[in-house]
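The values are calculated or read from the model by the stated rules, or taken from the named source; none is laboratory data. All of these numbers come straight from a predicted model, not from anything done at the bench. Using ideal geometry, Cβ is built from the backbone for each residue, glycine included, and neighbour counts are taken over all protein chains shown. Side chains included, ligands, DNA and RNA excluded: accessible areas come from the protein's heavy atoms. Shrake-Rupley method; radii C 1.70, N 1.55, O 1.52, S 1.80 Å.
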Amino acid sequence: MEKAAGSPSVGGSYPQKNAEILSSQYGINLFLAGLLLTFAWAVHAVGISKSHLLSYLITLMLIQLLWMLWYLCRSCTQRRLIRDKDTHAGARWLKCGITLFAVITLILDSFKIGYYIDFSNCLSPTEGIFPVTHAVHTILQVYFLWCHAKDIIQSFKTLERFGVIHSVFTNLLLWTNGVLTESKHQLNEHKERLITLGFGNITIVLDDHAPQCNCTTTTLCSIFSQGIYYLYPFNIEYHILASTMLYVLWKNIGRQIEHHQQHKTPFKFHGITVGMGFGLIVLTSTIAIVVVYLIQIGRSKIKSELALTMFYLHAIFVLALMCTAGIVALLIYRLEDRSLDNSKNPARKLDAELLVGTAAGSWLLSWGSILAIICAQAHPKYTWYNLPYSVLVIIEKYIQNLFIIESIHREQEKVNDDIKTLRIVTISRGSTLSLTPSYKEIYNGRATRDSGEVPCLFRGSICGRENGGGAKEETSLENSSVMHSAPDFSFYSRNSVTTNKRRILKNIAAFLFLCNLSLWIPPAFGCRPEYDNGLEEIVFGFEPWIIVVNLAMPFSIFYRMHSAASLFEVNCKT
């Protein structure tokens, strides 16, 4: 009988499972084709130009625009229907973050349009069409994510799977294109810096994709060309955030949700002053270090070595503080006895997988630096600071990943039934029982006015009910101990300990949040000692090490931003 009842749902899941597999394979092939085009352009392959790559990206964006317009129109016609929503997906802070990155991306597109106008004599028309299409794509996509990131699609599921996965991999290809363009710019600067550090034996060949004509307005061209590369980090983060939000939407298609999902609590600054204070000190000092580094590096050998030493010492101090904070948080968790939430949650599962997956990028770079220090024959003084820095990078990510993943899987603390019905009981002479408003009512800012009924205290130890002007009470010898103040003090003591633990955890989450933002800034804006150190190039060879750095660095940068986003959520949840 159970088999017969269950068989329709099992059989009905096969078409949708096949649609999921087919759509994922479609997206992967879409991505691989674009990846090969990007690689071919990067290595100056014969017959492949930048216009071919941009034409492919423009086509993908136009297809996504058509799908989003169709979805929005269909949603408008069905706006009166009640739809299931995934409360864990598309958090408001995440939408605000992607909106900020999108606004800066639109500024980047306007710079690209200005750059094309100034060099229009020798640039392909696709280089002018691309930023215009990208700007329209950005505006509509942000609107789509604001309105529909939480949707659980239950109609046209096969078609929607292909539309959403197309959007996911379109954003991933745009992210790849941005990473490659920005990396090539950083690489050219890096090759010039190596000479100042005394690595003259490395062949310096600049990879130049600059237009082969003069600019119509020299000043504007300089502003546009320099400004574009400073804005690329925000464009890169925008596309990776969009792809993750769309991936959660894809995973939610056809999902049967549990209707007891918890609602997210809003972020509050109250009680996290210490963590925010220390975090802001780290953030301010990091910005200062980055500014000095970018000014000093490449000026002379002495200034470059001082810049690298300054960077390593500052990073070692910050990473040591982060490790300490993470260990304290994990010790607090070990002292608590709270169950984990193992319910199905695509957004939470993706967060955990991204944390571990993207951490592998910086782990790869750290192990490369450790091996280079061990194997190198000559060690300039500043390279020894790289050893504790690389070790701390590995340890810090271990600890932080464990803290974040456990935090997002912990069930939110629920108010105990005894606490909900707590009464502060005052016994005076005789049998008079004075009752003040309940703890829950005080917390909510109101007292019981209407019912006249007082619930039981500590599972029925004391029950009181008012009838008219009289009072009736039932007590026993066993329950009389509740009248004493000791249990009240015990409760408040336990409650105080819990509150203090929660406050410490919130301060740690706030501190780590700002520290991760701080550590995102240096590599995102060109402060990359993995490029400028020079020791790794000697041990592994220039080309192999640069390939490793270019592959791993984008994941390392994304890890910091994703960790900051996850820690923000942890702070709201704690």
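Restricting attention to segment 47-68, does a residue exist that is in contact (Cβ under 8 Å) with a residue 24 or more places away in the chain and farther than 20 Å from T176 by Cα? Yes; the residues of segment 47-68 include at least one that is in contact (Cβ under 8 Å) with a residue 24 or more places away in the chain and farther than 20 Å from T176 by Cα. Residue pairs whose Cβ atoms lie under 8 Å apart, sitting 6 or more positions apart in sequence or on different chains, and linking a residue in segment 310-339 that is modelled with pLDDT of 90 or more to a partner that is among the aromatic types (F, W, Y) and open to solvent by 40 Å² or more (accessible area, probe 1.4 Å), are Y312/Y385; L313/Y385; I316/Y385; L321/F278.
The C-beta contact set for segment 152-174 (first residue over 19 Å from S55 (Cβ atoms), second residue part of a loop (DSSP other than H, G, I, E, B) and modelled with pLDDT of 95 or more, distance under 8 angstrom, 6+ apart or interchain) is empty. Could you tell me which residue of segment 143-154 is nearest to W175 (Cα to Cα), considering only residues that are among the hydrophobic types (A, V, I, L, M, F, W, C) and open to solvent by 20 Å² or more (accessible area, probe 1.4 Å)? Ranking the candidates gives W146 first. Which of the residues spanning segment 362-402 are among the hydroxyl-bearing types (S, T, Y) and out of contact with any helix residue (DSSP H, G or I) (no Cβ under 8 Å at 6 or more places or on another chain)? Answer for segment 362-402, where residues must be among the hydroxyl-bearing types (S, T, Y) and out of contact with any helix residue (DSSP H, G or I) (no Cβ under 8 Å at 6 or more places or on another chain): just Y398. Whether a residue is under 30 Å from V168 (Cβ atoms), in a helix (DSSP H, G or I) and out of contact with any Leu (no Cβ under 9 Å at 6 or more places or on another chain) was assessed, and R334 does not pass this test. Residues that are at pLDDT 60 or above and touching a Phe, Trp or Tyr at 6+ places or on another chain (Cβ under 9 Å) were ranked within segment 259-276; the one that is surrounded by the fewest Cβ atoms within 10 Å (Cβ to Cβ) is V274. Search segment 15-43 for residues that are closer than 15 Å to N252 by Cα and pair each with any residue that is open to solvent by less than 20 Å² (accessible area, probe 1.4 Å) and part of a helix (DSSP H, G or I) when their beta-carbon atoms are under 7 Å apart and the residues are at least 6 apart or on different chains. Here the result reads A19/R161; E20/R161; S23/R161; S23/I165; S24/I165, each pair linking segment 15-43 to a residue that is open to solvent by less than 20 Å² (accessible area, probe 1.4 Å) and part of a helix (DSSP H, G or I). Checking each residue in segment 510-547 for being on the phi > 0 side of the Ramachandran plot and either of a type in the set (D, E, K, R) or in contact (Cβ under 8 Å) with a residue 24 or more places away in the chain (or both) picks out G526, G534. Please tell me if M561 is farther than 25 Å from A372 by Cβ and at pLDDT 80 or above. Yes: the conditions hold for M561. May I ask you to verify whether L100 is open to solvent by 30 Å² or more (accessible area, probe 1.4 Å), modelled with pLDDT of 95 or more and either under 17 Å from A242 (Cβ atoms) or outside the structural domain of E237 (by the TED database) (or both)? No; evaluated as a whole, the condition is false for this residue. Do we have any residue at all in segment 208-231 that's at pLDDT 85 or above, within 21 Å of the chain's Cα centre (by Cα), in the same structural domain as D84 (by the TED database) and open to solvent by less than 20 Å² (accessible area, probe 1.4 Å)? No, segment 208-231 contains no residue that is at pLDDT 85 or above, within 21 Å of the chain's Cα centre (by Cα), in the same structural domain as D84 (by the TED database) and open to solvent by less than 20 Å² (accessible area, probe 1.4 Å). Cβ-Cβ distances below 6 Å connect the following pairs, each with a first residue in segment 284-296 that is within 9 Å of F311 (Cβ to Cβ), a second residue that is open to solvent by less than 50 Å² (accessible area, probe 1.4 Å), and a separation of six or more residues or different chains: I289/H314; V290/I521; V290/P522; V290/C527; Y293/A307; Y293/F311; Y293/C527.
The residues of segment 233-249 that are of a type outside the set (A, V, I, L, M, F, W, C) and touching a Phe, Trp or Tyr at 6+ places or on another chain (Cβ under 8 Å), listed by number, are P233, N235, E237, Y238, H239, S243.
Total residues in segment 310-335 satisfying the condition of being open to solvent by less than 40 Å² (accessible area, probe 1.4 Å), of a type in the set (V, I, T) and under 16 Å from I395 (Cβ atoms): the figure is 2. For segment 120-130, does any single residue satisfy the condition of being modelled with pLDDT under 85 and either touching a Gly at 6+ places or on another chain (Cβ under 8 Å) or buried (at least 18 other Cβ atoms within 10 Å of the Cβ) (or both)? Yes - at least one qualifying residue is present in segment 120-130.
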